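Structure first, then comments.
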Amino acid sequence: MKRTLIAAATLCLMAAATLAHAADPVKIGFLVKQAEEPWFQDEWRYAEQAAKDKGFTLVKIGVPNGEKMMAAIDNLAAQKAQGFVICAPDVKLGKAVERSAKRNNLKVISVDDRLVDGGGKPIESIPHMGISGYAIGKQVGEGIIAEIKARKWSMADVGAIRVAYDQLPTAKERTMGAVDALKAAGFPAANIIDAPQAKTDTENAFNAANIALTKNAKFKHWVAFGLNDEAVLGAVRAAEGRGIKADSMVGVGIGGAKAAENELSKPAATGFFGSVMISAKEHGYQTSVNLYNWITGKGVPPAEVLTKGMLMTRANQADVRKAMGQ
Ligand code: GLA
């Protein structure tokens with residue numbers, strides 16, 4: 001009898017402990033590789049919105065390199081967070097992220113850049129939300145082709161700069177989608193020039209595009225595409241530096257955040273023709289809510305979500321923003 005009572009009491013205590021744990025305030029980390037980029041600022045802003053709506057604490061940390069990333073994960077655990085959303089500085093750090101999350105008992109969701117293992121395969125145990133890179137790249141290419149046709153340019157006279165960052169799978173998918181759309185429309189493959197950037201920011205894209213322009217002065221007109229708006233802005237600025245302006249340059253980015261908005265709102269058009277707008281809202285808000293639900297036992301996040309985009313130009317900027325809810 002006594003033993004049964006003790007056992008029952010122990011069970012009660014254990015149940016109470018579990019409940020107390022479940023009722024702990026929820027704290028979530030949101031780690032991004034390039035905190036200075038408007039896209040990531042937007043993601044954070046929408047994640048803050050989710051924190052407000054659901055009543056959890058959000059810890060935003062910029063993780064520009066592997067060392068800072070590992071320190072941030074340990075720091076989250078020390079702060080008694082229960083999980084984090086991450087866009088890592090290098091997708092090949094995937095296994096390190098997985099191990100560190102496990103060791104610290106943290107749930108993890110990746111956003112934007114899918115984490116891979118040593119063999120380059122996506123890590124299936126980490127739920128992911130990213131854009132449908134190839135499809136969005138095709139939209140970029142189709143937008144460029146439509147504009148080439150509207151301007152009645154002969155494709156033989158047009159050089160295409162692919163600002164490339166092929167070590168990041170989504171970057172390769174995006175730019176190859178654009179290349180395929182150009183080729184499908186009859187654009188000469190030989191006119192497509194790779195301009196590899198050392199880092200994914202405007203300055204490095206500028207340097208990469210500059211080399212491509214110098215080496216191929218024969219073209220009359222230019223088009224440019226890349227992983228994001230920053231890549232295309234770099235190419236547009238490099239072209240401007242050589243006197244190639246809006247009337248002979250068509251750059252189409254991916255993103256649609258502040259950088260694109262500024263460019264598309266300038267009184268005079270620039271070579272930055274448009275951007276396929278993608279949803280920072282979904283990426284920031286929904287990943288945070290998915291993680292919150294996972295932590296609080298309300299459901300496991302979908303294994304993979306791929307989001308869509310819409311081509312935004314000077315002509316339809318307001319409508320696209322409205323349609324994307326941003
Ligand atoms: C990558 C890019 C960002 C942004 C996101 C969108 O992380 O580096 O600029 O385009 O993808 O998912």
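For the range 237-277, the solvent-accessible area of protein heavy atoms averages 36 Å² per residue (probe radius 1.4 Å; ligands and nucleic acids excluded).
Write out the trypsin sites (Lys or Arg not before Pro) in the range 135-218 meeting two conditions: DSSP loop, and at most 10 other Cβ atoms within 10 Å of their Cβ. Mind dumping the intermediate values first?
On the way: sites: Lys138, Lys149, Arg151, Lys152, Arg162, Lys172, Arg174, Lys183, Lys199, Lys215, Lys218; in loops: Arg151, Lys152, Lys199, Lys218.
Those satisfying the criteria are Lys152, Lys218.
Which of the GluC sites (Glu not before Pro) found in the range 53-141 are in a DSSP loop and have at most 15 neighbouring Cβ atoms, other than their own, within 10 Å?
Working: sites: Glu67, Glu98, Glu124; in loops: Glu124.
Taking the range 53-141 and a limit of 15 other Cβ atoms within 10 Å, the loop GluC sites (Glu not before Pro) found are Glu124.
Computed over every Cα-Cα pair of the range 171-260 and binned at 10 Å starting from 0, the pair-distance distribution P(r) comes out as 17, 54, 29, 1 percent.
Can you check what the net charge comes to around Asn104, using other residues whose Cβ is under 12 Å from the Cβ of Asn104 (Lys, Arg +1; Asp, Glu -1)? Overall, the nearby charge balance is +3. Round to the nearest 10 and give me the degree value, 0 to 90, for the angle of helix 66-78's Cα axis relative to the longest principal axis of the chain. Tilt relative to the chain: about 30 degrees.
In whole angstrom, the chain maps to an equivalent ellipsoid with semi-axes of 46, 19, 16, each derived as √(5λ) from the alpha carbon gyration tensor and ordered largest first.
Both numbers refer to the Cα atoms of the range 87-174; Rg and Dmax are 18.0, 60 Å. Based on Cα contacts under 8 Å between residues 6+ apart, the range 162-203 shows a relative contact order of 57 percent.
Which three semi-axes in whole Å describe the equivalent ellipsoid of the range 26-152, each the square root of 5 times a Cα gyration tensor eigenvalue, listed largest first? Walk me through the numbers before you get to the answer.
On the way: eigenvalues 195, 68, 30 Å².
Each semi-axis is √(5λ); the values are 31, 18, 12 Å.
In the chain, the portion of solvent-accessible area held by carbon and sulfur atoms comes to 56 percent [1.4 Å probe, whole percent, DNA, RNA and ligands not counted]. For the range 58-130, the set of trypsin sites (Lys or Arg not before Pro) satisfying both a DSSP loop assignment and a count of at most 11 other C-beta atoms within 10 Å is given as Lys80.
If the viscosity is 1.306 mPa s and the temperature 10 °C, what translational diffusion coefficient in µm²/s does Stokes-Einstein give for the range 230-298 when Rh comes from Kirkwood over Cα pairs? List each step's numbers first, then the result.
Details: Rh = 13.8 Å.
Result for D is 115 µm²/s.
The mean sequence distance of close C-alpha pairs (under 8 Å, at least 6 residues apart), as a share of the length of the chain, puts its relative contact order at 18 percent. The packing ranking, built from the mean of other Cβ atoms within 10 Å per residue, places the peptides 297-305, 227-235, 244-252 in the order 227-235, 244-252, 297-305, highest first. Computed per residue of the chain from DSSP H runs no shorter than four, each worth -39500 (n - 2.57), the mean residue ellipticity at 222 nm is -14500 deg cm²/dmol.
For the range 178-326, evaluate the Debye formula with one uniform point scatterer on each Cα (no solvent term) and list log10 I(q)/I(0) at q = 0.22 Å⁻¹, rounded to two decimals. With one equal scatterer per Cα and no solvent, log10 I(q)/I(0) is -1.36.
The label-point distance for Asp24 and Glu240, in a model that sets each label 7 Å from Cα toward Cβ, rounds to 5.0 nm.
Counting pairs of alpha carbon atoms under 8 Å apart in space and at least six apart in sequence, what relative contact order in percent does the range 109-217 give? Mind showing how you got there, number by number?
Working: 143 pairs, mean separation 28.3, N = 109.
Normalised by residue count, the contact order of the range 109-217 is 26 percent.
Summarising the overall dimensions of the range 40-113 from its C-alpha atoms, the Rg and Dmax are 12.0, 34 angstrom.
The values are calculated or read from the model by the stated rules, or taken from the named source; none is laboratory data. Values in this document were obtained by computation on a predicted structure and should not be read as measured data. Virtual Cβ from ideal backbone geometry, glycine too; neighbours counted across all protein chains shown. Calculation scope for accessible area: heavy atoms of the full protein, side chains included, ligands and nucleic acids excluded. Shrake-Rupley method; radii C 1.70, N 1.55, O 1.52, S 1.80 Å.
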